[in-house]
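The values are calculated or read from the model by the stated rules, or taken from the named source; none is laboratory data. Treat the numbers as computed from the prediction; the structure is a model and nothing was measured. Here the Cβ positions follow ideal geometry from the backbone for every residue, glycine too, while neighbour counts run over all protein chains shown. In case anyone asks, the SASA skips ligands and DNA or RNA and just uses the protein heavy atoms, side chains included. Shrake-Rupley method; radii C 1.70, N 1.55, O 1.52, S 1.80 Å.
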Amino acid sequence: MVKYILKRIGAMLLTLFLIMTLSFWIIRLMPMSIFENPATPPDIQKLLMAEMHLDKPLFVQYLYFIKGVVTEAEFGTSVQIRPGMDVFEILASRIPPTVLLNIMSLLISIPLGIVFGTIAALKRNKATDNIISFLIVICISVPSFVFASVLQYVFTFKIPIFPTLYDTQAATFAGTMHSLLLPIIALALGPMATIARYLRGELIETLSSEYLLLARTKGLTRTQATVRHAFRNSLVPIANTIIPLITGIMGGSLVIEKMFAVPGMGGLLIDSIMAGDHFLTVSLLIFYSTISLITILIVDISYGIIDPRIRVGGGK
Amino acid sequence: MMIDKNKGLPEEILNLPESSFEMVQTDEIKDEKFKTKPIGFFKDALLRLQHSKISIISFWIILSIIILALIVPNITGFTYTEQDLAKRNLPPKIPGLENIGIADGSRVLTNRKKDSLSDTNRYPEGSIIEIVREYESKGVAMVDVKVDAYALAGIEDDVYHWFGTDYLGRDLMTRLFKGVRISLIIAFFSVITNVIIGVIYGSICGYYGGKVDMFLTHFAEVLDGMPYIVITILFMILLGSGMLSIILALCITGWIGTARLIRAQFYRFKGREYVLAARTLGVPDVKLIFRHILPNCIGPLITRAMIAIPGAIFSESFLAYIGLGIKPPEPSIGILLSDGQSVLLQYPYQTLFPAILISVLMIAFNLFSNGLRDALDPTRRGEE
């Protein structure tokens, strides 16, 4: 198991390094101007450029960049969004809302998806199942930002029970959650439906299997048999769908954060791309990758614990 | 091998005339001929598809949206770039519906001074429909008033913007269907490119196996390990905005799923006897791949491509939202949604129509591809 985990971490670090390299080269090859004010005296410009190693060839800059990141977690300085501020500091303040939003959506969507999927499978081809299946199709198809628009319009404007935008001044955690609830719901609907859909399919297959018939024969009720026997076996394949869900949620949160003015990484990433703040963009992309890779790693490892057969390259 | 005809046979037997032979059995075989035509794979699938009402309805919805996208931008009388600042943010006005109070081009203006209503410069004759609410604020009589936004902007009575106009006075219906056209083109082309790359890559992996397979699969795995959003954003920055860039950016990682599917199918089929027979007869690799093994993958491939289309539409809108979409003034569903989003609370209709359209389109594509999967692969029917 330890060997397996180490192998996964190694693969993750390699991917991360590739992303670092790729983002650096792609973004830094774009034209960029770090001086808003053309009136800055040329010798000061030169000094500043030297300070940031911008006067050297790109490959040398790349080595400096890698060295900075690996040895001192030094990502450079923002030049447009918050001129002069250390990128790492900006990031540190932006990460918590993003992580909160993503994790909460995931935590809400998984149990709800399991509940709805189970109900639909147990009431197969009855009215309840049809209604749930219909809602599942809608939740899967309609993009999260459309949900977000609808929620924002209905629950902050027509029935004003939630704040329109994220409340940065909220004193309590409950206050923060109150203003974060709509974006969380908007993000959670799609993954919830995906889980429900998979679980319904899996459960229906399991419910018609012979060992379940045996369980019924020995006197268990339908619910008992489902919960004790069918449920566990169906949950294993579900774990597989969670990884794409995480990437989906992280992508969706980019847009949703912007819509609800959540001061997270999503809005910052969009702003930095627009403003051409390349140091910031590179580091944001790296952080984005890191967070999603770590989440995937956690799911992957826990999956290996749930079902030892799945371990990638786990040896013989 | 040639048969030596003359060997060991007497002369008179070799020279027998044809007339000396006689049929053993002359009467016809009385088996009844098949009255029906043989049903092939696709016909079978089509028959099954026709039984699924939901698929048929979805198919017609998709088809009508495509037809609307082709026709509507040409017949509205506006172009998608035509700006008129006098007509900014007009609400929807649809002939017929306007008489029953929906989409009649009216809007409620709040917090107006009551005195100003009589000013015909600001409120031209006939522009005020009714006063919704009267109240007093700091000693001034204030009103919320429902006005005909078209009359207020000084537009003739026979001008209709069915879905309203945007912040530059462009007709939203023209832009919406033009946008649907562009979004669909992006979706179709990116999916087709993905399928082609995936098929070739997967075939090579699956057919040759061994070291080639290991190398190629590892490469795909590394690419797949990178967060999809980050890669797409990077390539959009690299390629710049535009339709072609979006198609390419969606192809960077999009083909991996298809390649994996094809590879698995190849592993399943390449060991079959019929493939061995074809190989023994000297059929070249390319023909083996495309003529003998690949047709087995057609079913899952079509299903996969259909499922990928709504995904591509979603990705396009997503890119538009984060400002990496196509170049303005070209519209796409995503551009319209994100433009509408910024004025959601003031002019909700600007979000409403694109939102409804993208939702209907995505639901229809999802339902249709579900039906298609059930039809092409009946063993998996019922699995959602």
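For residue A:77, the residues whose amide H sits under 5 Å from its own are A:87, ignoring neighbours fewer than 5 places away on the same chain, with H placed 1.01 Å from N. Comparing B:41, B:177, B:189 in a Gaussian network model of chain B where C-alpha atoms under 10 Å apart are linked, the largest mean-square fluctuation is found at B:41. For the peptide B:309-321, the mean number of other protein chain Cβ atoms found within 10 angstrom of a residue's Cβ is 3.
With the simple model of a label 7 Å out from the Cα in the direction of the Cβ, residue B:63 to residue B:244 spans 3.4 nm.
Taking a threshold of 22 Å on the Cα-Cα distance, which of the pairs B:93/B:178; B:114/B:146; B:113/B:138; B:87/B:178; A:258/B:93; A:258/B:87 fall above it?
Working: B:93/B:178 19 Å; B:114/B:146 13 Å; B:113/B:138 11 Å; B:87/B:178 20 Å; A:258/B:93 31 Å; A:258/B:87 29 Å.
Those over the limit are A:258/B:93; A:258/B:87.
Across the options A:292, A:181, A:57, the greatest Cα extent toward the positive end of the charge dipole of the protein assembly as shown (unit charges at beta carbon of Lys, Arg, Asp, Glu) belongs to A:292. Evaluating 6.51 cos²θ - 1.76 cosθ + 1.60 at θ = phi - 60° for every residue in the range B:281-298, the Karplus couplings come out as 6, x, 5, x, 3, 4, 5, 4, 4, 7, 8, 9, 9, 4, x, 5, 8, 4 Hz, glycine and proline recorded as x. Summed over qualifying helices (DSSP H, 4 residues or more, each -39500 (n - 2.57)) and divided by its residue number, chain B shows a 222 nm mean residue ellipticity of -18000 deg cm²/dmol. The trypsin sites (Lys or Arg not before Pro) found in the range B:205-285 that occupy coil by DSSP, while having at most 14 further C-beta atoms within 10 Å, are B:272. Remark: mean inter-chain Cβ contacts per residue of B:233-241 equal 5, using a 10 Å Cβ-Cβ cutoff to other protein chain atoms. Within the range B:1-98, the trypsin sites (Lys or Arg not before Pro) that combine a DSSP coil assignment with at most 11 other C-beta atoms in a 10 angstrom radius are B:5, B:7, B:30, B:33, B:35. Under a 5 Å amide H cut-off, with hydrogens placed 1.01 Å from N, residue B:128 pairs with B:148 among residues at least 5 apart or on other chains.
Taking a ≥ b ≥ c as the square roots of the eigenvalues of the Cα gyration tensor of the range B:254-320, is the shape rounded (a/c under 1.5), prolate (a/b larger than b/c) or oblate? Mind dumping the intermediate values first?
Details: a/c = 3.74, a/b = 3.37, b/c = 1.11.
Since a/c reaches 1.5 and a/b is larger than b/c, the shape of the range B:254-320 is classed as prolate.
Helix A:2-28 versus the longest principal axis of chain A: what angle, 0 to 90°, nearest 10, using Cα atoms? Roughly 40 degrees, rounded to the nearest 10. Taking 20 Å as the straight-line reach from the Cα of residue B:53, the lysines in range (excluding those fewer than 8 positions away in the same chain) are A:126, B:43.
Restricting to Cα pairs below 8 Å that are 6+ residues apart, what does the relative contact order work out to for the range A:104-277? Please round to a whole percent. Don't skip to the end; give the middle numbers.
Details: 180 pairs, mean separation 51.1, N = 174.
This gives 29 percent for the range A:104-277.
The relative contact order of the range B:157-308 comes to 28 percent, based on Cα pairs under 8 Å that sit 6 or more residues apart. Shown here for the range A:36-132: trypsin sites (Lys or Arg not before Pro) in loop regions (DSSP other than H, G, I, E, B) with at most 12 other Cβ atoms within 10 Å, namely A:126. Express in Å², to the nearest 10, the accessible area of residue A:1 obtained by rolling a 1.4 Å probe over the protein heavy atoms while all chains stay in place. In the full protein context, residue A:1 sits at about 80 Å². Surface calculation, 1.4 Å probe, protein heavy atoms: residue A:229 sits at approximately 60 Å² accessible. Evaluated with a Cβ-only charge set (Lys, Arg +1; Asp, Glu -1), chain A carries a dipole of roughly 1760 debye about its Cα centre, given to the nearest 20.
Rounded to the nearest 20, the Cβ-based charge dipole of the range B:190-297 about its Cα centre (Lys and Arg +1, Asp and Glu -1) stands at 380 debye. Net length available on complete extension from residue B:132 to residue B:277 is 43.9 nm, with 0.36 nm assigned per residue and the Cα-Cα distance removed.
Using only C-alpha atoms and all pairs of different ones, pull out the Kirkwood radius for the range A:165-213 in Å with one decimal. Intermediate values should be presented prior to the final figure.
Values: mean 1/r = 0.0732 Å⁻¹.
Result for the range A:165-213, one decimal place: 13.7 Å.
Spacing of the modelled spin labels on residue A:165 and residue A:7, each 7 Å from Cα toward Cβ, amounts to 5.0 nm. Using the Cβ-Cβ distance between residue B:167 and residue A:60 with R0 = 60 Å, the FRET efficiency computed as 1/(1 + (r/R0)^6) comes to roughly 0.80.
Close amide H contacts of residue B:106 (hydrogens built in the peptide plane, cut-off under 5 Å, sequence separation of 5 or more or a different chain): B:149.
Please compute the Kirkwood hydrodynamic radius over the range A:117-158, one decimal place, Å, based on all pairs of different Cα atoms.
Numbers: mean 1/r = 0.0855 Å⁻¹.
In the range A:117-158 this quantity evaluates to 11.7 Å.
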